[in-house]
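Engineer: This is the structure I have questions about; it appears just below.
The values are calculated or read from the model by the stated rules, or taken from the named source; none is laboratory data. Being a predicted model, the structure only gives us computed values, none of them experimental. As a convention, Cβ positions derive from the backbone with ideal geometry for all residues, glycine included, and neighbour counts pool all protein chains shown. Only protein heavy atoms, including side chains, enter the accessible area calculation; ligands, DNA and RNA are left aside. Shrake-Rupley method; radii C 1.70, N 1.55, O 1.52, S 1.80 Å.
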Amino acid sequence: MTKTIQETSPAEADFRLAPLFVANMACTMSMMAFMPLIGPIARVLGLAPWHAGVSVMIAGVLWVLLARFWGRASDIHGRRRILLIGIGGFAVAYGVLIAIIDTAIHFLPSVALSFLGLVVGRGAVGLFYAAIPAAGLALVADHVPDHKRTGVMAALGAANAVGMVVGPALAALLAQQSLSLPLYVMGILPLIAFVVMFKTLPSTEHHKKVTAGTLKLTDVRLRRPMMIAFVSMTCVAVAQISVSFYALDRLALSPIDAARTAGIALTVVGVALIFSQIFVRKLTWSPQRLVYVGGIIAALGFASVVFATTQTMLWASYFVAAAGMGLVFPAFSAMAANQVDAHEQGAAAGSMGAAQGLGVVAGPLIGTVLYDVNPVAPYLCMGAMLLLMAVWPQRKV
């Protein structure tokens with residue numbers, strides 16, 4: 001007889017979810033290797049900061065539009081099938097993006113053509129990436145009971161954080177040779193992730209497949225976790241898009257040194273996320289308490305960038321901010337999963353993905369617009385958003 005979620009032991013759940021952790025780590029490495037390079041790449045191609053912002057934003061637009069589609073598809077067709085489609089498509093799209101960037105760097109086409117290429121490449125990446133967190137979080141909810149979801153989602157976040165450490169570190173090291181070399185190296189990882197998932201992801205489904213009805217995006221049960229997801233991802237996107245430009249202008253570094261500094265900053269972020277999310281696994285705090293404490297810590301970290309006049313100070317500020325965000329990320333995912341029924345998990349995860357994708361859309365725009373006003377303005381804005389998110393009272397559902 002097929003086991004229910006409650007009958008599945010923690011050891012069995014960990015075994016079945018291990019391939020998902022590996023795949024998320026690999027794809028995160030590929031994604032994060034791109035972020036510290038976008039500023040220098042934009043400068044080499046003669047693009048303005050807003051060009052870089054829009055090229056990052058397009059992936060978020062497609063994430064918003066397709067996250068619920070992919071989540072709903074996983075409810076109907078199964079987590080395995082959708083995850084394989086998402087990771088396989090991501091691998092192909094990433095390869096296309098690499099080819100576009102490398103060609104542009106070598107031949108230096110017009111600004112308009114370079115911009116169009118980046119938008120198309122990043123858009124294709126975002127189209128397929130949207131399937132990975134939507135189906136992946138639903139898979140966690142399928143195999144893990146309510147009271148353990150925050151811890152397991154924190155473990156998944158820690159796997160992502162490992163990717164955030166290694167990806168930017170390798171990108172910073174390889175960028176000393178060329179700006180396109182890191183992308184070629186990281187382009188291999190999604191292919192490895194696909195093979196791992198294809199061979200080891202369990203084919204047995206632990207959710208009730210449905211063909212009619214759907215969880216509405218405006219469902220009152222999801223309002224607060226979606227708001228937290230949106231604010232969190234907006235701040236992350238602002239920090240990612242701003243860091244290399246901050247290193248270029250505020251710290252007066254060369255493009256290569258700025259890429260290295262930004263890469264180290266994002267590596268520091270990954271280290272902080274690993275430790276904080278491992279710490280979450282040992283806590284018995286409610287998701288709401290994690291949001292409160294984590295939001296305040298992250299707000300202080302981002303606001304302290306105002307005082308960063310050296311690389312070390314910038315890295316320290318990013319570390320504190322990431323330590324706080326490490327408490328928030330698993331909290332809003334668990335908050336959403338705990339509010340809905342088993343047959344709604346894919347749609348709920350898709351709704352959270354849509355909220356995060358909207359943050360990815362808003363973040364680069366907010367970051368680049370505020371950056372043009374003042375290099376410290378994006379960081380003050382992030383601090384204020386996170387502080388408001390943390391102290392906003394929770395309404396009874």
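Engineer: For Gln177 and Gln288, FRET efficiency with R0 = 45 Å and r from the beta-carbon atoms, rounded to 0.05?
Structural biologist: Numbers: r = 47 Å, r/R0 = 1.05.
Result of the calculation: an efficiency of 0.45.
Engineer: Using a/c under 1.5 as the rounded threshold, could you call segment 53-102 rounded, prolate or oblate? The axes a ≥ b ≥ c are square roots of the C-alpha gyration tensor eigenvalues, and prolate needs a/b larger than b/c, oblate otherwise. Don't skip to the answer; put the middle values down first.
Structural biologist: Values: a/c = 5.39, a/b = 1.57, b/c = 3.43.
Here segment 53-102 falls in the oblate category.
Engineer: Still on this structure: So, in nm, how far is label Trp392 from label His147 when the simple model puts each one 7 Å beyond its Cα toward the Cβ?
Structural biologist: 3.0 nm
Engineer: Same structure, new question: Stick to Cα atoms and the Kirkwood definition of Rh, then tell me Rg/Rh for segment 261-397. Could you put the intermediate results ahead of the total?
Structural biologist: Numbers: Rg = 15.9 Å, Rh = 16.0 Å.
For segment 261-397, the value is 1.00.
Engineer: Can you tell me the length gained on complete extension of the stretch Ala384 to Thr309, counting 0.36 nm per residue apart and subtracting the Cα distance?
Structural biologist: Details: separation 75, 0.36 × 75 = 27.00 nm, distance 2.11 nm.
Once the chain is fully extended between Ala384 and Thr309, it gains 24.9 nm.
Engineer: If you don't mind, there's one more thing I want to ask. Along Cα→Cβ, 7 Å out, is where each label goes; now give me the distance between the ones at Ala48 and His106 in nm to one decimal.
Structural biologist: My value for the distance between the label points is 3.0 nm.
Engineer: Just to be sure I understand: with springs between alpha-carbon atoms less than 10 Å apart, which residue in Val360, Val195, Val165 has the highest mean-square fluctuation in the Gaussian network model of the chain?
Structural biologist: So, out of Val360, Val195, Val165, the one fluctuating most is Val195.
Engineer: Given R₀ = 41 Å, FRET efficiency for Phe198-Ile278 by Cβ-Cβ distance, to 0.05? Could the numbers behind the result be given before it?
Structural biologist: Values: r = 29 Å, r/R0 = 0.70.
Result of the calculation: an efficiency of 0.90.
Engineer: Regarding segment 43-153, what is the average projected area of its C-alpha convex hull, in nm²? Kindly include the intermediate steps, with their values, before the conclusion.
Structural biologist: Numbers: hull surface 32.0 nm².
So the Cα hull casts an average projection of 8.0 nm².
Engineer: Turning to a different aspect of this structure: Which percent of the accessible heavy-atom area of the chain goes to carbon and sulfur, probe 1.4 angstrom? If you can, show how the numbers build up before the last one.
Structural biologist: Values: 10810 of 15380 Å².
Summing carbon and sulfur atoms, their accessible area is 70 percent of the total for the chain.
Engineer: Under the 0.36 nm per residue contour assumption, what length would be gained going from the current alpha-carbon distance of Val373 and Tyr184 to full extension?
Structural biologist: Values: separation 189, 0.36 × 189 = 68.04 nm, distance 3.48 nm.
Full-extension gain reported as 64.6 nm.
Engineer: Please build a GNM for the chain, connecting alpha carbons under 10 Å apart, and tell me which residue among Gln177, Gln240, Gln277 fluctuates the most.
Structural biologist: Its mean-square fluctuation being the largest, the pick is Gln177.
Engineer: In nm, to one decimal, how far is the Leu113 label point from the Ala18 one, both placed 7 Å along Cα→Cβ?
Structural biologist: 5.0 nm
Engineer: Please build a GNM for the chain, connecting alpha carbons under 10 Å apart, and tell me which residue among Arg72, Arg281, Arg149 fluctuates the most.
Structural biologist: So, out of Arg72, Arg281, Arg149, the one fluctuating most is Arg281.
Engineer: Pairing the Cα long axis of helix 255-281 with the longest principal axis of the chain, what angle in degrees results, from 0 to 90 and rounded to the nearest 10?
Structural biologist: Once rounded, the angle reads 20 degrees.
Engineer: On each of the three principal axes of the Cα atoms of segment 110-177, give max minus min coordinate, whole Å, ordered largest first.
Structural biologist: 54, 28, 11
Engineer: Next up: Between the alpha-carbon centers of segment 102-174 and segment 252-329, tell me the distance in whole angstrom.
Structural biologist: Rounded to whole Å, the Cα centres lie 18 Å apart.
Engineer: Enter the angle in degrees (range 0 to 90, nearest 10) between the Cα long axis of helix 287-303 and the first principal axis of the Cα atoms of the chain, meaning the one along which they spread out most.
Structural biologist: 0 degrees
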